[in-house]
Amino acid sequence: MGLVTYIPRMLPFVLFKGLELPPFIQGVLKNVPYATLGALIFPAIIFLQKDDIWYGIAGAAAAFGAAFLGANVIVVVLGSITVLALYSYFL
Amino acid sequence: MSDFAIGKESTEFKKGLQAGISIGIGYFPIALTFGLLAKTSGLSIYESVLMSMIVFAGASQYISLSLLAYGTGIVEIVLTTFIVNIRHFLMSTSLNEKCEDDHLGNKMLYSFGITDETFSVVATREGTATTGFMFGVNLLAYSSWVIFTGIGHLIGASLPQTLQESMGVALYAMFIGLLVPSLKKSVKVLFLASLAAIFNTIFTIGGIMAQGWAIVTSTILSAVMIELIEVIKARHWGVKHEK
């Protein structure tokens with residue numbers, strides 16, 4: 001198990017070491033982080049609680065709101081945890 | 001001069017540790033629960049901690065517990081783990097372009113710590129990622145994962161249910177916190193993230209492919225499509241939008 005989790009992580013550093021990739025591929029690779037984040041967030045965050053999608057939506061809204069106002073990542077994380085704790089406490 | 005270089009490297013390492021704090025918070029409830037579930041699945045504390053130390057992959061470790069419980073063979077567990085983690089190949093390829101040039105040995109060492117979360121923190125940071133920063137982020141994430149696996153097994157109980165549930169949002173909130181600053185600055189980022197999110201939602205809800213493949217496929221589709229649009233736009237208008 002350790003080997004099959006390590007190989008995909010390590011191999012690109014060895015394979016592409018000192019290799020100048022074509023500009024188009026470089027462009028695509030620069031896009032990868034933002035595309036990945038989109039896919040990591042949705043739809044998973046909506047289904048935080050399978051029986052109440054509003055729970056996930058509330059968490060996402062809190063995080064987006066705090067981040068949009070320029071809050072530090074740690075504040076965004078702690079803020080949305082707090083919002084959801086209050087959500088389950090009161091609703 | 002070499003003192004100066006070492007000093008720079010250690011501040012980069014500290015910056016990495018700081019940037020890793022939100023990952024540490026996010027891993028806390030997941031690792032704790034993993035430790036607890038591993039215990040109920042009959043793994044000893046050594047086996048559980050060793051698994052977290054060697055595998056260091058949340059989803060795969062959870063899946064392997066349920067596969068072990070079903071009595072699934074080792075080959076299938078390893079194969080499933082490989083498929084779930086294939087996306088890290090794409091993430092490492094992208095990071096390889098961003099990380100500062102260094103000995104292959106260092107790269108092979110810190111690449112062990114690349115996860116969805118460490119990747120997101122490093123990749124959204126402006127400028128080149130230094131080796132010190134990589135080690136800082138990865139070490140904090142790794143320590144949190146391994147230590148809380150052990151504590152979860154040891155205390156054999158999870159957090160109060162309300163807290164456990166609300167802490168489940170932590171990693172997604174972190175992803176949002178990392179994405180939004182770039183998203184405010186660039187429409188391209190908005191399109192990249194939205195398109196990948198839409199593809200992944202269709203693939204996942206439609207049950208078209210397993211989650212490991214859905215994330216990789218959505219990412220590649222979105223990254224390639226947006227880049228093609230950029231190139232075509234550049235050809236037509238003679239302008240290239242450099243980020």
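Bear in mind that the values in this text are calculations on the coordinates, not laboratory data. These figures come from a predicted structure and were not determined experimentally. No Cβ is skipped: glycine too gets one built from the backbone with ideal geometry, and neighbour counts run over all protein chains shown.
Compute the orientation-averaged projected area for segment B:139-217 from the convex hull of its Cα atoms and round it to one decimal in nm².
7.7
Extending 7 Å from Cα along the Cβ direction at residue B:184 and again at residue B:229 yields two label points whose distance is 2.3 nm. Cross-link partners of residue B:39 among lysines, defined as those whose alpha carbon lies under 29 angstrom from its own and excluding same-chain residues fewer than eight positions apart: A:50. The HN-Hα couplings worked out from phi for segment A:84-91 by the Karplus form 6.51 cos²θ - 1.76 cosθ + 1.60 (θ = phi - 60°) are 6, 5, 5, 4, 6, 6, 9, 10 Hz, whole numbers, x standing for Gly and Pro. Of B:62, B:110, B:172, the sequence from fewest to most neighbouring Cβ atoms within 10 angstrom is B:62, B:172, B:110.
Taken over segment B:2-178, the alpha-carbon convex hull comes to 128 cubic angstrom per residue. Relative to the 2.2 N^0.38 Å rule of thumb, the protein assembly as shown has a C-alpha radius of gyration ratio of 0.99. Length gained on full extension, residue A:88 to residue A:53, computed as 0.36 nm times the residue gap minus the Cα-Cα distance: 11.3 nm.
Applying the Karplus relation 6.51 cos²θ - 1.76 cosθ + 1.60 with θ = phi - 60° to segment B:211-228 yields 3J(HN,Hα) values of 4, x, 6, 4, 5, 4, 5, 4, 4, 5, 4, 5, 4, 6, 4, 5, 5, 4 Hz, where x marks Gly and Pro. Note on segment B:1-88: the C-alpha convex hull projects to 7.8 nm² when averaged across all orientations. Tell me which lysines have Cα within less than 21 Å of residue B:184's Cα, excluding those fewer than 8 residues away on the same chain? The reachable lysines, counting only those whose Cα sits under 21 Å from residue B:184, are A:30, B:240, B:243.
Between segment B:214-229 and segment A:11-54, the C-alpha centres lie 9 angstrom from each other. Across the alpha-carbon set of segment B:186-243, the Rg to Rh ratio works out to 1.10, Rh being the Kirkwood radius. When the alpha carbon coordinates of segment A:1-41 are projected onto the principal axes, the ranges are 33, 32, 9 Å, largest first. Under a 5 Å amide H cut-off, with hydrogens placed 1.01 Å from N, residue B:129 pairs with B:99, B:100 among residues at least 5 apart or on other chains. Taking other Cβ atoms within 10 Å as a rough exposure proxy, B:235, B:125, B:87 sort from fewest to most as B:235, B:125, B:87.
Show that you can apply the helix-only estimate: for the protein assembly as shown, add -39,500 (n - 2.57) for every DSSP H stretch of four or more residues, divide by all residues, and state [θ] at 222 nm to the nearest 500.
Helix contribution divided over all residues of the protein assembly as shown: -26000 deg cm²/dmol.
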